[in-house]
Amino acid sequence: MKVLVSPFKNPFINLALEDYFLRGGFELPVLFLYVNRPCVVLGRFQNPWSECHLPFLAESDIWLVRRQSGGGCVFHDEGNLNYSFIYSDGMIDRRKGVEWLKSALSKADVDLEISPRHDLWLKGKKISGSAFKQIKNASFHHGTFLVSSDLNHLEECLKQTLVAKSSKSIASVRSQVTRLHDHFPHFSIDDLIEIFAHEMKTSPETLDGSFLSRPEVQASFRSLVDWGWLWGETPLFELENGLTVHKGMLKNSGEGKFERSNLKEILSAGELDRFFPDFTKQELGCQVVF
């Protein structure tokens, strides 16, 4: 298994690369490792308003992202290492990847436990969460690994913007978390990459910019940053005032997107500021020139 390392910090680029590898863009299996700029990453079937503190994200230039896999909402920053085991097998073994990580780190005297949800725990607290995706001929198991992340930002980001009256979305399961640095301060993200590559009996390979010119990567990137995916894929939910939203569209106030411009006559100014803070910085940052 090759170990591929992304030099890019843009979460949309890294998810687009992961999708490209999954769909045949590279000989599988691979272990894909990457670090993202500060962002909150939603599971495929989650509600951003219920899962994270949108005003804080916008004020702090922390991006909002929706991934392809299910599972819960997670915080990424430069102190978190993301891993993705990508296999040429549509039937994934959900313990295989975490057992491999546990084994690799045990050789560095880091003893981890595997939870029934296939997360990794260190000294009674969660250090790594994971999720899965399967297509016909391939699958991936990807997750986070908290090394030195800002836990104050993590806690603030994962507060709710609103509590929906009813919702069809998948709610995150919250757990107490810990970081590798809290117990082993001498380890860096680069150290973990070397540990993982050594366990694979290979050297890590850093991707070059040529991958970004590939049409499949560009198409995946565009779909991930699109309003219809990021916001519009939110499952059915209802607010306390009776407003119902499904797939990003208003269902009882005339047809239209659930966005600020269509709600000025329905929501107060305070509600608009809370539900729809200014994400201009993210929008500008997503205008990548390939």
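The values are calculated or read from the model by the stated rules, or taken from the named source; none is laboratory data. Please read all numbers here as calculations on a predicted model, not as lab measurements. Every residue, glycine among them, receives a Cβ derived from its backbone with ideal geometry; neighbour counts consider all protein chains shown.
Contact map, the range 161-174: first residue more than 25 Å from P116 (Cβ to Cβ), second residue aromatic (F, W, Y) and buried (at least 18 other Cβ atoms within 10 Å of the Cβ), Cβ cut-off under 7 Å, separation 6 or more or different chains; pairs are T161/W49; T161/F275; L162/W49; L162/F275; A164/F237; S166/F237. Listed by position, the strands (runs of 3 or more DSSP E) contained in the range 14-87 that have at least 2 residues being under 12 Å from the mean Cα position of the chain (by Cα) are 39-42, 63-66, 74-76, 80-87.
The set of residues from the range 199-255 being part of a helix (DSSP H, G or I), closer than 30 Å to T161 by Cβ and of a type in the set (F, W, Y) comprises F221, W227, W229. Scanning the range 214-240 for residues that are surrounded by 12 or more Cβ atoms within 10 Å (Cβ to Cβ) and over 22 Å from F45 (Cα atoms) yields R214, E216, V217, Q218. Among the residues of the range 89-111, those that are hydrophobic (A, V, I, L, M, F, W, C) and either closer than 16 Å to K126 by Cα or exposed (fewer than 13 other Cβ atoms within 10 Å of the Cβ) (or both) comprise M91, V98, L101, L105, V110.
W121 meets each of the listed conditions (1) assigned to a strand (DSSP E or B); (2) buried (at least 21 other Cβ atoms within 10 Å of the Cβ) apart from (2).
Any chance you could count how many residues in the range 150-176 are closer than 18 Å to F75 by Cα and either among the hydroxyl-bearing types (S, T, Y) or assigned to a strand (DSSP E or B) (or both)?
Taking the range 150-176 first, the residues closer than 18 Å to F75 by Cα are 150-161, 170-176.
From the residues that got through so far, the ones that are either among the hydroxyl-bearing types (S, T, Y) or assigned to a strand (DSSP E or B) (or both) too are 161, 172, 175.
Number of matching residues: 3.
Screening the candidates L42, L17, L22, L57 for the property of being under 22 Å from R214 (Cβ atoms), crowded, with 22+ Cβ neighbours inside 10 Å, touching a helix residue (DSSP H, G or I) at 6+ places or on another chain (Cβ under 8 Å) and touching a residue at least 24 places away in the same chain (Cβ under 8 Å) yields one hit, L17.
Among the residues of the range 83-106, is there at least one that is hydrophobic (A, V, I, L, M, F, W, C), in contact with a Gly (Cβ under 8 Å, 6 or more places away or on another chain) and closer than 21 Å to Q282 by Cα? No. K165 meets each of the listed conditions (1) at pLDDT 95 or above; (2) loosely packed, with under 15 Cβ neighbours inside 10 Å apart from (1).
Can you name every residue in the range 124-149 that is surrounded by fewer than 19 Cβ atoms within 10 Å (Cβ to Cβ) and assigned to a strand (DSSP E or B)? Listed by number, the residues that qualify are K125, F132, Q134. Only one of the numbered conditions (1) modelled with pLDDT of 95 or more; (2) of a type in the set (K, R); (3) assigned to a loop (DSSP other than H, G, I, E, B) is violated by K264, and that is (1).
Scanning the range 179-188 for residues being of a type outside the set (D, E, K, R) and surrounded by 17 or more Cβ atoms within 10 Å (Cβ to Cβ) gives a total of 2.
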